[in-house]
Amino acid sequence: MKPIVSVKNLKKYYPLKKGLLYTILMGEKEYVKAVDGVSFEIYEKEIFVLAGETGSGKTTTGKVLVGLEKPTEGEIYFKDQNISRLNPKEWKRKGLRRKIQMIFQDPYESLNPRSKIYDILAEPLIVNKAVETREELDEKIMRKLEEVKLIPPDEFAFRYPHQLSGGQRQRIVIARGMILDPEFVVADEPVSMLDVSIRIDILNLLNSFREKYGVSYLYITHDLATARYIGDRIGIMYLGQIVETGPVEEVIQNPKHPYTQALISAIPIPDPEYARRKEIIELKGEIPSPINPPKGCRLHPRCPFAMDICSKKEPPMIEVGRGHQASCWLYEKI
Ligand code: SF4
C-alpha cells in the first residue's frame, strides 16, 4: 500500500533574533531547531499520532504539512506530489487547499465571533469555488452540520459562536475543516480544551469521517489516553525528533525508549495492584533548549540508562518489534 503522506527528514529552524553587533562578534547565526530530522508515513484511512510534551515540535510539524510554515530542509509528499516548496498560489492552483486541512485546538479562538455559523462554513466553499449555486451552498452547509450532529441544522446555521457550548463550537470547527471533503487532515489537540465528558464524542466524530469518506489524519496530542483511543500508529517526539514509533497499542503497552517509558510512568493508574508492579522511570532535570540541543542522543543528560556512546553519537532508529522502532543505543544488538 502506498502512503498518502510521506515526510522525509523534515527540519524547521527559526533564526534567533539577535542584534547585528552580536552576529558580527559571534559569527554564526543561532537557530531554534523546532523540528530536526523527522520522517514518517501516513496511509489511507490511517490515524497517525504525533505525541510529546509542549515544545517537542509536533505542532510545527503539523503546520509545515498543511503549508502554514515552510520547511528548512526535507521533503513532504502528498500522494506522489512533492509539496514541500510550493507557494500559497501553487497550493490553491493544484487544489491542495481543498484536499489538505487543519483543525485547531481552541474552539473559542478559531471561530470569528462576529460571523454566523452559516457564513463561517460558506467561506471556504466560496473562496475555493467549490459550489456553483446558492442551492448547492445551502445543501453542503446543512449536510455538514448534520454530519457533525448539530441537528436540526437550520437551527444552528444562523447562530453566532458565542451562542453554542464548547463541544458544539468544536463540532463547527470540525465541520469547517471537513466542508471541502479533504483527503488528509491535521488535527492539533482537537479535544484538549474540552470537558473530559465530551472528548470521546468528538474523537468518535473524527473517526466517523475516516469511516465514511476515507479521511487520513495526523493527530497531534500530549495525551497518551486519547492517542490510544483514536490512533493506529504513533510517533513519540522529544526535542524536535521522533524517538519511538510503532502501532499505538504496542508502543504504549511495551515502550522501549526511556523517554516513552518515562511518559507512560507519569500516567496515574487507578488499579493499585498494577500501579505497584509498574516500573517507574524518572528523567533528571528539565527539557534542554532546542537552540543548542545535547550532542549524541538528545535525552542523554536526563536518561537513567545513559552510556558513554550516548553523549557522542546520535542513535539510529532500531527495529525493536514488528513495525516498532526506537532510537536508542540500548537496542543496538537486537
Ligand atoms: Fe538513554 Fe542512551 Fe538510549 Fe539515549 S541512547 S535513550 S541516553 S540509553
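Since every read-out is calculated from the coordinates, none of them should be taken as a lab result. Predicted model, so just to flag it, every value in this text is computed and none were measured. We place every Cβ from the backbone using ideal geometry, glycine too, and count neighbours over all the protein chains shown.
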Phi-derived 3J(HN,Hα) across the stretch 83-97 with the Karplus relation (6.51, -1.76, 1.60, θ = phi - 60°), rounded Hz, x for Gly and Pro, is 9, 5, 10, 6, 8, x, 5, 5, 4, 6, 4, 7, x, 6, 4
So for the stretch 131-212, using the alpha carbon gyration tensor with a ≥ b ≥ c as root eigenvalues (a/c under 1.5 gives rounded; past that, a/b versus b/c decides prolate or oblate), I'd call it oblate
Give the lysines whose C-alpha is closer than 16 Å to that of Lys58, dropping any in the same chain fewer than 8 places away, or say none.
Lys8, Lys11, Lys12, Lys33, Lys70
Per residue, what volume in Å³ does the convex hull of the Cα atoms of the stretch 46-108 enclose?
124 Å³
Can you give the relative contact order of the chain as a percent, counting alpha carbon pairs under 8 Å and 6+ residues apart?
20 percent
For the chain, what is the percent of antiparallel DSSP beta bridges, rounded to the nearest 5?
60 percent
If the viscosity is 1.567 mPa s and the temperature 4 °C, what Stokes-Einstein diffusion coefficient in µm²/s follows for the stretch 192-254 when Rh is the Kirkwood radius over Cα pairs?
101 µm²/s
With a 10 Å radius around each residue's Cβ, average the other Cβ atoms per peptide and rank 2-10, 161-169, 304-312, 255-263, highest first.
255-263, 2-10, 161-169, 304-312
One-quarter of the Cα convex hull surface for the chain, in nm²?
20.6 nm²
Between Arg114 and Met1, what's the calculated FRET efficiency when r is the beta-carbon distance and R0 is 45 Å? Round to 0.05.
0.50
Computed over the stretch 5-132, the convex hull of the Cα set has an average projected area, in nm², of 11.3 nm²
Which of the peptides 175-186, 109-120 is most tightly packed, and how do the rest follow, going by the mean number of other Cβ atoms within 10 Å of each residue?
175-186, 109-120
For the stretch 103-171, alpha-carbon Rg over 2.2 N^0.38 Å:
1.07
Which order do the peptides 148-160, 213-225 come out in when sorted by mean C-beta neighbours inside 10 angstrom, highest first?
213-225, 148-160
If I model a spin label as a point 7 Å beyond the Cα along the Cα-Cβ vector, how far apart are those points for His162 and Lys212 in nm?
3.1 nm
Normalised by the empirical 2.2 N^0.38 Å for globular proteins, what value does the Cα Rg of the stretch 62-157 take?
1.28
C-alpha center-to-center spacing [the stretch 296-325, the stretch 137-201] in angstrom
42 Å
Lys149 to Glu314: FRET efficiency via 1/(1 + (r/R0)^6), r the Cβ-Cβ distance, R0 41 Å, to the nearest 0.05?
0.30
Length gained when the stretch Asn128-Ala266 is fully extended (0.36 nm per residue, less Cα-Cα span):
45.2 nm
Proximal lysine pairs, the stretch 201-334, alpha carbons under 25 Å, eight or more residues apart or interchain
14
